[in-house]
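Below you'll find the structure, written out as structure tokens, and then a few comments.
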Amino acid sequence: MTRYSKTFPILLITLAMVFCPHGHLIANPPDDIKKLEDLLTQLSSDSSAERQASQLAFEKICLALTAVGRDTERRSASRFIAEKLNTPIDPAAQSIPRNLFLLRQLERIGGPESVPVLSRLLESDDPHVQDGARRALGAIADPSAGAALRATLEATSNAMLRIGIINSLGGRTDPENVPVLEKQLASTNSEVFRACVNSLVTIGTDSAVTAIRLAHRKTEGKNRDCTADALLRHADRLAGSGMEKAAFDVYLEIGNSFEHSPLRLAALRGQLMTAGAKAPDLVLSNLRSDDQQVMQVAIGYVRDMPESGIPELLTALHQLPGESQALLIFAFGNRRTTSAIETVRQYLDYEDPHIRAAALTAIGSIGDAGDAKRLLQVMKTKPDDRSDAVKSLATIRDDRVDLVLIDELANAQTDEDRLAFIGILNQRRSTSAVSEFLKQAISKNNQVRQRAIGALSRLASESDVSELMVVHSATADEERDSVEKAIVSVCQRIPSTDGQADPLLKVFEVADSATRVRILRVLGRIGGKHAQGVIEDSLKSDDADICDAAVVALANWPDGSVAEQLLRVAREGQTEAQRLRALRSLARVCVLPIPERSFQEQLEFLKQAMQLATRKEEINLIIDRAKAVRLVATLEFVAPYLDDPDVRDNAIKTVLALAHHQDLREPNRAEFAPVLQHILQLTEDSKLKERAEQYLQNR
């Protein structure tokens, strides 16, 4: 193979990369510079649109130059921009805004070639130009940029510039910046001092942290808080890196340097987190403190501490002050430390009420069925502790407790106990208690009945519906509503909407006439297609009570699917009461959204209802419900009623409600405008007039 055959393919590839119009690795540098130069003249244009367009195009080119393999072109563009920044500023030509924009581009593409110009701009009289140059230098990774920033920092007396440079030096995390930053710690300007501390802790080297530690020992007030906060951040970083011993020493130093401060509490928390095997001793020491906040920090750590430290706390528990004993027992319960159960049980009869309350509460988290009997004894014999015992009985995580409580409920001698046991079992969501709740639901005591019915609403299942209907039959008329709501709640937990009434329908099949009447009332609250057939048959019944109940069921239906049946009853009902009830319900449900019914069909139902309406009450109701039908035809339907004094107010409100929808109003301005003008003439209500004028003016 000749040397030409080896080099020829390389030559072809090179030519292809240069001339390929879509190539990304190599572009023609003069082309980019020419484009930037053309755009540069537009950056100072008097037209904001032209300036914005040129800026976007300029930024796009600069962004493309940051791609891998385009360093040569990037350097050329950087030199070009630096050269333009090096020209004298012409305020009349908007040079300063242009220069600020160019400085932002050097943040993206600047390198060592732009450092000299940027260094000079740090001395600009314009603070915005200074800041832009400082940011650009901070973004350049080359050491020359850091050197330029350090040189300016030591030379300038401008406090704001010094703060900005200090922040940039910290962001570079270069250890070479530590000596110059350390010098700035001597500044009497507190803002400079704090910026310097933050930059040193960001750099995070040993020398940087040592500088902060020395400053911490010498400073006071807010500057001391700043150094403490920085050291805490350093300690957090050490702890996160697994250097717990070093972190503990820093936390200890900060904790010892304050008597009362949130920073001291943070340091104490850090000590506990990094103390390792010494953590229990530290917890106990803090729990003996007279400082409430220190005690709370210790207790907060106990909730998260490793299980291995708990035995030491249990052993020393009795030696602590009473308040700390109570806090620690609470903490054992909060962390569900079952290994503490024997110790906690010893405090159930303790003389101190706070410690006793803590033990009773903790038992609710770590106890078992055996403890339930002890809690029951406390509940019955110690009125002062009854509330704590009741709460713990509701939270013990042992299903055997349910059986104990159900037995207690069945044999309770007082209504107070019955109420308590129903509440506890309900809170425990004990479905095994449902049969006992059904018995309590027919208690002679109204409060017991209502609490049992409430529990059944939450815990009963569809298999309990027949028994719930027995309760319904045994309940006085004025209380049946709560039983019906419980049945509805149970049925609505059935996933299939159409089948939610099925448990009731099974009872309906074998029920006597009186029970069927009651079932029909409940069916109306549940709805569903399966129930509609039973309702339809019941409407044809010769039994007047069943027929009335079917009409009531339709009137209570939860959606608009029974509109046809309601319209038929409104026309053909056996009694005036049935027809009136059906008419009012038709107006209510026919505008409820269902997938198969359009706005036009909803309006048609309202029109037919209006033909049947003879009283102003029903006419007003129909007009009011028309608000939901967003059609221009609805406007035409309602507008004539503006001239009827008996229903005018409702008609005005409905028209305004329709006009509120811009997507309806604007395409139909010719229809809305005269009606809104008419409203302005009719009403004296200032708010209604304001709305009408607003819609007329398309606002």
Quiz item: What are the residue pairs meeting all of these: first residue in the stretch 237-251, first residue closer than 13 Å to ALA275 by Cβ, second residue open to solvent by less than 40 Å² (accessible area, probe 1.4 Å) and outside any helix (DSSP H, G or I), Cβ atoms under 8 Å, and 6 or more apart or on different chains?
Solution: PHE248/ALA275
Self-check item: Pairs with Cβ under 7 Å, 6+ apart, first in the stretch 536-564 and surrounded by fewer than 20 Cβ atoms within 10 Å (Cβ to Cβ), second part of a loop (DSSP other than H, G, I, E, B)
Solution: PRO558/GLY527; ASP559/GLY527; ASP559/LEU592; ASP559/ILE594; SER561/ILE594
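Quick grid of which residues meet (1) open to solvent by 20 Å² or more (accessible area, probe 1.4 Å); (2) in a helix (DSSP H, G or I); (3) under 30 Å from ALA159 (Cβ atoms); (4) modelled with pLDDT under 95:
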residue: ASN198; (1), (2), (3), (4): yes, yes, yes, no
residue: HIS216; (1), (2), (3), (4): no, yes, yes, yes
residue: ASN223; (1), (2), (3), (4): yes, yes, yes, yes
residue: LEU252; (1), (2), (3), (4): yes, yes, no, yes
residue: GLY255; (1), (2), (3), (4): no, yes, no, yes
residue: HIS260; (1), (2), (3), (4): yes, no, no, yes
residue: ALA277; (1), (2), (3), (4): yes, yes, no, yes
residue: LEU284; (1), (2), (3), (4): no, yes, no, no
Quiz item: Inside the stretch 656-691, can you point out the residues that are over 13 Å from LEU631 (Cβ atoms), within 41 Å of the chain's Cα centre (by Cα) and surrounded by 13 or more Cβ atoms within 10 Å (Cβ to Cβ)?
Solution: LEU656, HIS660, LEU688, LYS689, ARG691
Self-check item: Checking ASP371 against (1) crowded, with 21+ Cβ neighbours inside 10 Å; (2) without any contact (Cβ under 8 Å) to a residue 12 or more places away in the chain, the condition it does not meet
Solution: (2)
Quiz prompt | Hits in the stretch 374-389 - residues which are closer than 14 Å to PHE421 by Cβ, buried (at least 21 other Cβ atoms within 10 Å of the Cβ) and not small (Gly, Ala, Ser) | solution = LEU375, MET379
Quiz item: Of the numbered conditions (1) in contact with a helix residue (DSSP H, G or I) (Cβ under 9 Å, 6 or more places away or on another chain); (2) farther than 30 Å from ILE406 by Cα, ASP512 satisfies every one except a single condition; which is it?
Solution: (1)
Quiz prompt | Within the stretch 528-568, tally of residues that are outside any helix (DSSP H, G or I) and of a type in the set (Asp, Glu) | solution = 3
Quiz prompt | Residues that are touching a Leu at 6+ places or on another chain (Cβ under 9 Å), of a type in the set (Val, Ile, Thr) and assigned to a helix (DSSP H, G or I), drawn from the stretch 129-178 | solution = VAL129, THR152, ILE165, ILE166, VAL178
Quiz item: Which residue pairs have Cβ atoms closer than 7 Å, lie 6 or more positions apart in sequence or on different chains, and pair a first residue in the stretch 394-405 that is within 14 Å of ALA362 (Cα to Cα) with a second residue that is open to solvent by 20 Å² or more (accessible area, probe 1.4 Å) and among the small types (Gly, Ala, Ser)?
Solution: THR395/SER365
Exercise. Could you tell me which residue of the stretch 403-441 is farthest from LEU376 (Cα to Cα), considering only residues that are surrounded by fewer than 19 Cβ atoms within 10 Å (Cβ to Cβ) and of a type in the set (Gly, Ala, Ser)?
Key: SER435
Self-check item: Condition broken by ILE494, with the remaining ones in (1) among the hydrophobic types (A, V, I, L, M, F, W, C); (2) part of a helix (DSSP H, G or I); (3) closer than 24 Å to ALA531 by Cα satisfied
Solution: (2)
Self-check item: Test set (1) open to solvent by 10 Å² or more (accessible area, probe 1.4 Å); (2) of a type in the set (Gly, Ala, Ser); (3) closer than 19 Å to LEU263 by Cα - ALA235 fails condition number
Solution: (1)
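The values are calculated or read from the model by the stated rules, or taken from the named source; none is laboratory data. Remember, predicted model here, so these are calculated numbers, not experimental data. Note that each Cβ is placed from the backbone with ideal geometry, even for glycine, and that neighbours are counted across all protein chains shown. Protein only, heavy atoms only, side chains kept; ligands, DNA and RNA dropped before computing areas. Shrake-Rupley method; radii C 1.70, N 1.55, O 1.52, S 1.80 Å.
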